[in-house]
Amino acid sequence: MLNISLSPTKALAVVLSVLLTPIRALRLRYVPLLLVYFAYGSSVFTAIALNFWVKETLDMSAADLAELGIWLTVPWTVKMIFGSLVDSVLIFGSNRKSYVYIGALLITMSSLMMIAVVGEHSIVAEFSKKSVYIFASVIAVVGFVMQDVVADTMSTEVIDKSQSKEEIHQELASIQVLARLSLGFAIFITGWIGGELADVFKDEREVVFMIALFIPLLSILGVSLVRLNPVPISKLNKHVLFGGLAFALFVVIMGYAQVPYAQEIVFVISLSIVLILLNDLIGDLGEDAIRHIKMAMIIIFVYRAMPSVGASLQWWQIDVLGFDESFFAKLSAIGGAIALAGMWLSAKFIVKRNIGEVLIFLTIMGTLLSLPIVAMYYDVHTLLGVEARTVVLVDTALASPFDYIAQVLMLTLVAIYAPEGKKGTWFALMASLMNIALSAGGLLTKYLNKIFVVSREVVSDGVVTVAQDYSQLGDLLWVVVVSSFVIPIIVIIKYNPSKL
């Protein structure tokens, strides 16, 4: 009887412990850093207003926008350039804060240019709206990349270094959790508010861009108040700097040239460059440290390189299940909110467990949560008398936190193995490696969709040019689910750094 009467109390204690974990982990010294992450997440504030303005004002085709996307992606793929500069080059006596100020200046300039062009002010009258928009977009991305590199680097420099090694690792994990929470909350709240304001000011869209000037102010406030541990200035790594510049030039050239197998060539060469630069970066570390880092890189790469079903799943949901834009919007909103809650509730679990255990757990959960979609293809939901939309809503709600958790794990692993004096370059190179892993997943997805051909109906001038055919979607789903379970589990067990 005693155990039964205490059970609710114990349960309440467990729940409170979980809920309070992020709050307990929060330290006053983290808050300025979290403001920088919040500012980065707030970049979605103008997204809806911008999309409607581009659609209604600019004469840009889908090809034009795709071409612009190449330019806007380049700064993210060459983060190692900014990381190398952050580690080695002082600007006005600082190799941290000055870069955030420069990033904020670029973001402010971008917002002012958008205010001018959207409001049709005379200062930009002699320039085409398209050219102003493109230039504003490019400098905004560069500004956010600079701030992102510095924020990731500073996340390892606000810790209490008087602790034990294990306590430092837990604090690094806690900071990554809090950083993702700040970023996720900013995306959720500013994206929603920005969308509402875009509707309110649809006849005066420049007002939304005026309000968006709060974004650089947040990052300036945060970096001005942050207190960091002293860090040594590293010698400029010319291999990383010039290798990154060569990589950027290569990506741009390949993006514009119609070279056969261009995606595969970009992938192989970019992966080779990043691995060479990473190997050069860790070359002076101890043998054990190098082994740990290489095992961590293998796990990160394979975990993120798994294929997806691709667009064919959504085509099937639209054509066969009858899902519409409104329902997909609802899914997005629910996913964002629950992902944030899941990130909060899982904070204790992430910090306390070793990386291998958590990755195996995430792999198993991801597989289990894929099965309802597979079952829907075979009409199991109809046999059970359950609406398809109900199944997808519940599945989205359950699955949405795990991407956030996986991101935190990746960044925690990166933070733990960051070499002293080279943290900016390390974070930037690992970010490039993770982006390349996603490219590998995209290539695998493309190959699978060529093997298991799934097509939606395409009508041109009233004539069906491509017939609808989802007969191979089931096979595609099974291959993706099984491979995304078996391969990561084997790799994690074999290369888990925690077992050494």
- Query: Arranged by the count of other C-beta atoms within 10 angstrom, fewest first, what order do 45, 452, 201 take?
  - Reply: 201, 452, 45
- Note on the structure: Around residue 194 (Cβ within 13 Å, Cβ-to-Cβ, excluding residue 194; K/R +1, D/E -1) the net charge comes to 0
- Among 382-393, 356-367, what's the highest-first ranking by average C-beta atoms within 10 angstrom per residue? 356-367, 382-393
- Message: Starting from the 7 Å offset along Cα-to-Cβ, what nm value, one decimal, do you get for the label separation of residue 94 and residue 453?
- Response: 5.9
- Determine, for 316, 478, the number of other Cβ atoms within 10 Å of each Cβ, and report the residues in order from fewest to most. 478, 316
- Message: Please list 3J(HN,Hα) in residue order for segment 130-145, calculated via the Karplus relation 6.51 cos²θ - 1.76 cosθ + 1.60 where θ = phi - 60°; whole Hz, with x for glycine and proline.
- Response: 4, 5, 5, 4, 5, 5, 4, 5, 5, 5, 5, 4, 4, x, 5, 5
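What FRET efficiency do you get for residue 290 and residue 472 if R0 is 45 Å and r is their Cβ-Cβ distance, rounded to the nearest 0.05? Don't jump to the answer; show the numbers that get you there.
Numbers: r = 44 Å, r/R0 = 0.99.
After rounding, the FRET efficiency stands at 0.50.
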- Ranking 190, 465 by Cβ neighbours within 10 Å, fewest first, what do you get? 465, 190
- First select every other residue whose beta carbon is under 12 angstrom from the beta carbon of residue 208; then total the charges, Lys and Arg +1, Asp and Glu -1. -3
- Message: Under the 0.36 nm per residue contour assumption, what length would be gained going from the current alpha-carbon distance of residue 135 and residue 200 to full extension?
- Response: 20.7 nm
- Message: Using amide H atoms built in the peptide plane, which far-off residues or other-chain residues are under 5 Å from residue 94 H to H?
- Response: none
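Taking 28 Å as the cut-off for C-alpha to C-alpha distance, list the pairs among 129/202; 97/130; 55/450 that go past it.
Working: 129/202 18 Å; 97/130 33 Å; 55/450 32 Å.
Check vs 28 Å cut-off fails for 97/130; 55/450.
Since every read-out is calculated from the coordinates, none of them should be taken as a lab result. All of these numbers come straight from a predicted model, not from anything done at the bench. Glycine gets a Cβ as well: all are built from the backbone with ideal geometry, and neighbour counts include every protein chain shown.
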